[in-house]
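Taking it in order: structure first as structure tokens, then the write-up.
No lab work stands behind these numbers, since they all come straight from the coordinates. Bear in mind the structure is a predicted one, so any value in this text is a computation, not a measurement. Positions of Cβ are generated from backbone atoms using ideal geometry, with glycine treated the same way; all protein chains shown enter the neighbour counts.
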Amino acid sequence: MYQARYINTDGSAGAEVTLPTALFDGVIHEGALHQSVTTYLANRRQGTVQRKNRSAAAGGSRKPWRQKGTGRARQGTIRAAQWRGGGMAFPPQAHSWNKRLPRRIRALARRSAFNSRAADGRVAVIEGFDFEAPKTRRLTQLLDRIEAEGKILFLTHGVNRELYLSGRNLAGVRVLPFGQESSFDIVWAGTVIIEEAALAGMGDAPAPEDRARRRPLGGAPAAAEANGEGA
């Protein structure tokens, strides 16, 4: 079991708390985590770069001179790659870089990222956020009291609009609802701060993605288990 420091709403330190084993089970699968991060980065690529090859370049429908007898090298078209204004040899073509990972691998990578941060003592649980209106200065004051290392990832219980607006213009700060973070978001952060209410309902019961991981491959899922499976 992993322990995490507890932060009160005002930023003061509290007693350490035990993280739920449903998510923090101690398993760090580096292969799945690497696949998840590289897939995330690949899916962010636009894939719109494109250059013309010799067939796409305009003009050059005739030979510039006859094949033999001129004393010059034979040429078939002025749109070949060696001619100025010609097409490019083996140019990049627009295509999709999108990849897909199985749901079990994504779930395993997410748990591995959380466990990696918890093993280094970089996971904290905060009591809550009492932002009644967006205020960046108030969030920076909270960060100064917390004294967290590196980049900060706040995981809130549901959508917290006021906290998101308070931190969206701060470099090195991200605010996401708990459950919508990717493995890359967790690895990107030096410190992960989770709202207590987001972890309250987890307990020690296996999470939906954990149930999917434990199901035998090729086996038929039970009806109740299939209905409760997460995306």
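For the chain, the longest principal axis of the alpha carbon atoms and the long axis of helix 136-146 meet at an angle near 60°. Calculated FRET efficiency, residue 159 to residue 93, Cβ-Cβ distance, R0 = 35 Å: about 0.30 to the nearest 0.05.
Of the residues 96, 123, 190, the one whose Cα sits farthest towards the positive end of the charge dipole of the chain is 96 (charges of +1 on Lys and Arg Cβ, -1 on Asp and Glu Cβ, taken about the Cα centre).
Each of 113, 24, 59 was scored by the projection of its Cα onto the charge dipole of the chain, and the greatest displacement toward the positive side belongs to 59; charges sit on the C-beta of Lys, Arg, Asp and Glu.
Taking the DSSP bridge list for the chain and keeping only pairs wholly inside it, about 20 percent are antiparallel.
Between helix 103-119 and the chain there is an angle of about 60 degrees, using the helix long axis and the longest principal axis of the Cα atoms. For residue 151, the residues whose amide H sits under 5 Å from its own are 190, 191, ignoring neighbours fewer than 5 places away on the same chain, with H placed 1.01 Å from N. Normalised by 2.2 N^0.38 Å, where N counts its residues, the alpha-carbon radius of gyration of the chain equals 1.55. Available extension along the chain between residue 74 and residue 197 is 36.7 nm, counting 0.36 nm per residue and deducting the alpha carbon span. With both labels modelled 7 Å from their Cα along Cα-to-Cβ, the residue 84 to residue 46 distance reads 3.0 nm. Using the Cβ-Cβ distance between residue 53 and residue 100 with R0 set to 45 Å, the FRET efficiency works out to roughly 0.90. Basic side chains Lys and Arg get +1 at the Cβ, acidic Asp and Glu get -1 at the Cβ, and with that the dipole of segment 49-96 about its Cα centre reaches some 300 debye.
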